[in-house]
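Since the structure comes first, as structure tokens, the remarks are kept for the end.
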Amino acid sequence: MNPYWSAVVRELTPYVPGEQPKIDKLIKLNTNENPYPPSPAAIEAMHAEIGNGLRLYPDPQSTRLRQAIAAANGVSSDCVFVGNGSDEVLAHAFQGLLRHELPLLFPDVSYSFYPVYCGLYGIEYRTVALREDFSLAVDDYAGPCGGIVIANPNAPTGRALPRAEVERLVAAHPECVVLVDEAYVDFGGESAVPLVKRYPNLLVTQTLSKSRSLAGLRVGLAIGQPGLIEALVRVKDSFNSYPLGRIAIAGATAAYEDVEHFERTRSAVIASREWLAGELAALGFEVLPSGANFVFARHPDHDGAALQAALRERRVLVRHFARPRIDQYLRITVGTDAECATLVAALREILAGQAARASAPG
Ligand SMILES: *Cc1c(COP(=O)(O)O)cnc(C)c1O
């Protein structure tokens, strides 16, 4: 261990992002990126932004972008915060709104960045077990706590909680902030944004990385009442006043304004997901219902890690988590129809091969 490290850094257990390999002709279904390109209008707006203007700092408040997001969500722009990916927005929320005396609660199976932020900011937390079928029971969160974080739809399960249940959770906890991470909401979840007007303790985060095909641009957002947004702004302005560059602000604004492209691509992903889930079920997989751009599935007769490795040999990348409760599952991002078909063909081959080996004598 390097002697110059601070005590905090020595204790960190950092998040491990999904692999971004540099291998050619790989079918990449491991990090929930969108298989379709971003809005052509967004690309054009970003090209137009490259020039002399980059000499100057960007608008520290990202006003244009916040207005576009506010308009799309039927809220005022003082209810919108933007940051360098929703990961940054989440980090600011953990530090600014979720660090209190009582422990923070989140599900035992959820986005693995949550405990990492707790480690970074010294936040005490307790995980609450999801039900056997990975659905979330709101009543298991009863009693005072320092804050609650849920992903809805959840990652990596894909399961969505109805808005009425989210409301029950928010209403039961006026003492703390309930953060709803809606990274995947556009693929089939019910957003909690319409509840923001009525609940001063509700913060909703979303991202342009998944449903708007801009993971590489790094833009995420939060929607909440101005009191919560002000906390995020205070953290941001104590950390980096310019989290979004001019290119990101231009591209993200145009992406929000191109409703037609957004609707068409997300419908395509949803349709492919339903096809993929059906094919996996036909191969004998148990597939959880998904409101996201991925499916979470296990095969009763085949080990999850072994399946992932066998797929990798066939140049198909999916995500496997060596974690309790989910180590037999694969999380498979919904690709194009052609990519999904290649994945299904590879799995069919692998299952046939392993079945043959299992029944071979000796
Ligand atoms: C992808 C993801 C995010 C982060 O997205 P950004 O690219 O940082 O905007 C946040 N939460 C969950 C649950 C995710 O899956």
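Structure data summary
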| read-out | value |
| --- | --- |
| Between segment 61-112 and segment 252-291, the Cα center-to-center distance that results, in Å | 24 |
| Rough spin-label spacing in nm, given labels placed 7 Å along Cα→Cβ, for Arg315 and Tyr36 | 2.6 |
| Normalised contact order of the chain, rounded percent, pairs of Cα under 8 Å and 6 or more residues apart | 23 |
| Cβ charges +1 (Lys, Arg) and -1 (Asp, Glu), total dipole of the chain, debye | 600 |
| Charge dipole of segment 54-258 about the Cα centre (unit charges at C-beta), most positive-ward option of Ala248, Leu203, Val235 | Ala248 |
| Two-site FRET efficiency, Ala171 against Ala48, from Cβ-Cβ distance with R₀ of 30 Å, rounded to 0.05 | 0.10 |
| Whole-angstrom gap from segment 192-236 to segment 2-56, using each part's C-alpha centre | 19 |
| Ascending count of other beta-carbon atoms within 10 Å, so fewest first, for Thr63, Thr205 | Thr63, Thr205 |
| The chain: calculated mean residue ellipticity at 222 nm from DSSP helix runs of at least 4, using -39500 (n - 2.57) | -12000 deg cm²/dmol |
| Top of Gln95, Gln20, Gln328 by mean-square fluctuation, Gaussian network on the chain, Cα under 10 Å | Gln20 |
| Student exercise, segment 54-258 dipole from Lys, Arg, Asp, Glu Cβ charges, in Debye to nearest 20 | 620 |
| At 0.692 mPa s and 37 °C, Stokes D of segment 54-258 from Kirkwood alpha-carbon radius, µm² per second | 193 |
| Dipole-positive endmost among Cys145, Cys340, Leu130 within the chain (Cβ charges, Cα centre) | Cys340 |
| Least to most buried among Lys28, Lys197, Lys22, Lys210 (fewest other Cβ within 10 Å first) | Lys22, Lys197, Lys28, Lys210 |
| Length-normalised contact order for segment 180-226 - Cα pairs under 8 Å, 6+ apart - percent | 40 |
| Nearest-ten-degree value, helix 337-359 long axis tilted from longest Cα axis of the chain | 40 |
| Residue among Arg64, Arg198, Arg55 with the largest mean-square fluctuation in a Gaussian network model of the chain, springs linking Cα atoms under 10 Å | Arg55 |
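A short reminder: the numbers here are calculations on the coordinates, not readings from a lab. Keep in mind it's a predicted model, so treat the numbers as computed, not measured. Backbone-built Cβ (ideal geometry, glycine too); neighbour counts: all protein chains shown.
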